[in-house]
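Novice: Handing you this structure, nothing more for now.
The values are calculated or read from the model by the stated rules, or taken from the named source; none is laboratory data. What you see is a predicted model, and the numbers here were worked out from it, not measured in a lab. When we count neighbours, we look across all protein chains shown, and the Cβ atoms used for this are built from the backbone with ideal geometry, even at glycine. Heavy atoms of the whole protein, side chains included, go into the accessibility calculation; ligands, DNA and RNA do not. Shrake-Rupley method; radii C 1.70, N 1.55, O 1.52, S 1.80 Å.
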Amino acid sequence: MTTQPVSGGLMAYPKEGLLRIAFKAPLYLWRIGLGGLLGQNLVVLTTKGRKSGLPRHTMTEYAWINNRVVIASGWGAQAQWVKNIEADPHLTVQTAHGTQSCTTHRIDDDDLLTIVYQRMQSSPAFAPSLHTWGIEPPSLDNLLQHKDLAYFFMCEPTTESTPSPLETDLTWVWAVIGLSFLVGWLAGRNQ
């Protein structure tokens, strides 16, 4: 696999700090029960940590192609989930349509890459991802010529064991929010 340098700005790999927190925030929104909304455009990937063996969760954009989830790694080989699936291709995917156990493989077929390009090019992250991978300018011809640099993956359903999915375990937050509004409303009425 070829590793390309990662550009700065919003496409800088979020190793720490506010950018890392911002990229992890959708996972918390999923956990409080907003998966149905987020899952329209984003998929939760659960991989097995290659060192720890523990479930590792991340979110990325996806597209439905040939009744399969197709995902892309904006940071190419640097993404921890890519390193995890290279060690073990079994993963769990969660979208608004449900949870599925899958195995994954990198896409290198020209016809399939053409469909991926057509479906995903409207994403705001698409051109920056191609740039990060070293595919310049971002065009279908350049993608096909340099497909070895692209990090698109097809998720194939499997009956094999995969990591546990991300749970919706923070729904209690809604009760706290509701109670806070009620207390605020009551306090405002008594003034």
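Novice: Does THR114 satisfy the condition of being polar (S, T, N, Q) and touching a residue at least 40 places away in the same chain (Cβ under 8 Å)?
Specialist: no
Novice: Let me ask something additional. Considering only region 30-99, give the strands (runs of 3 or more DSSP E) lying wholly within it that have at least 3 residues that are in contact with a helix residue (DSSP H, G or I) (Cβ under 7 Å, 6 or more places away or on another chain), buried (at least 17 other Cβ atoms within 10 Å of the Cβ) and not polar (S, T, N, Q). Spell out how you get there, then give the answer.
Specialist: Details: elements: 42-48, 55-65, 68-72, 90-95.
Ranges flagged: 42-48, 55-65.
Novice: Taking region 122-153 on its own, how many of its residues are touching a residue at least 12 places away in the same chain (Cβ under 8 Å) and either open to solvent by 30 Å² or more (accessible area, probe 1.4 Å) or of a type in the set (A, V, I, L, M) (or both)? Lay out the reasoning, then the answer.
Specialist: To start, the set of residues in region 122-153 that are touching a residue at least 12 places away in the same chain (Cβ under 8 Å) comprises 123, 125-126, 128-135, 138, 140, 142-144, 146-153.
Adding the requirement that they be either open to solvent by 30 Å² or more (accessible area, probe 1.4 Å) or of a type in the set (A, V, I, L, M) (or both) leaves 125, 128, 130-131, 134-135, 138, 140, 143-144, 146-150.
Selection size over region 122-153: 15.
Novice: Additional query: If a residue has to be within 15 Å of LEU149 (Cα to Cα) and under 18 Å from the mean Cα position of the chain (by Cα) to count, how many in region 102-130 make the cut?
Specialist: Residues that pass the stated criteria total 10.
Novice: Which ones in region 111-121 are surrounded by fewer than 18 Cβ atoms within 10 Å (Cβ to Cβ) and among the β-branched types (Val, Ile, Thr)?
Specialist: THR114, ILE115
Novice: Looking at ASP169, ASP108, which one is of a type in the set (D, E, K, R), in a loop (DSSP other than H, G, I, E, B), closer than 19 Å to THR58 by Cα and open to solvent by 30 Å² or more (accessible area, probe 1.4 Å)? Spell out the reasoning first.
Specialist: Details: ASP108 fails: closer than 19 Å to THR58 by Cα.
Matching residue, one of ASP169, ASP108: ASP169.
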